[in-house]
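Working notes, beginning with the structure itself.
The values are calculated or read from the model by the stated rules, or taken from the named source; none is laboratory data. Keep in mind that what you see is a predicted model, and the values were worked out from it rather than measured. Reconstructed Cβ throughout: ideal geometry from the backbone, glycine too, with neighbour counts over all protein chains shown.
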Amino acid sequence: MKKIAVFPGSFDPITVGHVDIVRRAASLFDKVIVAIGINSQKKYLYSLEERIEKLENVFEENANIFVESYEGLTVKYCQKVGAQFLIRGLRNASDFDYEKQISQMNAIVGNGIETIFLISKPEYSHISSTLVREIIKGKGDASSFLPKEISL
Ligand code: ADP
């Protein structure tokens, strides 16, 4: 059976920290789906179409990395696409506290879906999409946090 993993997130925008996690996951699984979760209550800086385009540009050379979007529960989406694994990145202890609870609840609701945590590289552990958005909104230079394939 093929090992399929989903890396869910908002990717508003995708950062070099996300890219590193996805590439590392792609060496562990047969297929990695980078899945943009759509939350109708949330206000995004970039539209869904813009975020899909950026992700596709970044991963276009990677044959086992796919970009999709979904609405609703992440575990239901995983079942739909036949993924047995969820990938999350951990930057610090607060990521851990938050993610631990979600992964334990997802394992119950998602019939044993396994969450695999990849620890961020030290050079990326300070990077968050939230802060990158603030820099972009304030017209600062966020280029060192963004993959080179995408423009602002
Ligand atoms: P969310 O909207 O769910 O917070 P994000 O798109 O910000 O989603 O993040 C998706 C995943 O990427 C999460 O597991 C998060 O911990 C991880 N992540 C975000 N930034 C980094 C980083 N700099 N290094 C490693 N993992 C990261």
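Pick from segment 78-92 the residues that are near the ligand (Cβ under 7 Å from one of its atoms) and charged (D, E, K, R): which of them is surrounded by the fewest Cβ atoms within 10 Å (Cβ to Cβ)?
Out of the qualifying residues, it is ARG91.
Under the condition of being near the ligand (Cβ under 7 Å from one of its atoms) and hydroxyl-bearing (Ser, Thr, Tyr), which residue from segment 118-130 is nearest to VAL6 (Cα to Cα)?
Of everything passing the filter in segment 118-130, SER120 is nearest to VAL6 (Cα to Cα).
For segment 21-49, which positions are touching a Lys or Arg at 6+ places or on another chain (Cβ under 7 Å) and without any contact (Cβ under 8 Å) to a residue 60 or more places away in the chain?
If the condition is that a residue be touching a Lys or Arg at 6+ places or on another chain (Cβ under 7 Å) and without any contact (Cβ under 8 Å) to a residue 60 or more places away in the chain, then PHE29, ASP30, LYS31, ILE36 are the ones that fit.
For segment 3-26, indicate whether the set of residues that are small (Gly, Ala, Ser), more than 13 Å from the ligand (Cβ to nearest atom), farther than 26 Å from MET105 by Cα and at pLDDT 95 or above is non-empty.
No, because not a single residue in segment 3-26 is small (Gly, Ala, Ser), more than 13 Å from the ligand (Cβ to nearest atom), farther than 26 Å from MET105 by Cα and at pLDDT 95 or above.
Can you find even one residue in segment 2-9 that is closer than 21 Å to GLU134 by Cα and part of a strand (DSSP E or B)?
Yes; the residues of segment 2-9 include at least one that is closer than 21 Å to GLU134 by Cα and part of a strand (DSSP E or B).
Tell me, yes or no, whether segment 84-91 has at least one residue that is under 17 Å from PHE29 (Cβ atoms) and among the small types (Gly, Ala, Ser).
Yes - at least one qualifying residue is present in segment 84-91.
Looking at (1) farther than 19 Å from ARG23 by Cβ; (2) near the ligand (Cβ under 10 Å from one of its atoms); (3) polar (S, T, N, Q), which is the only condition THR115 fails?
Failing condition for THR115: (1).
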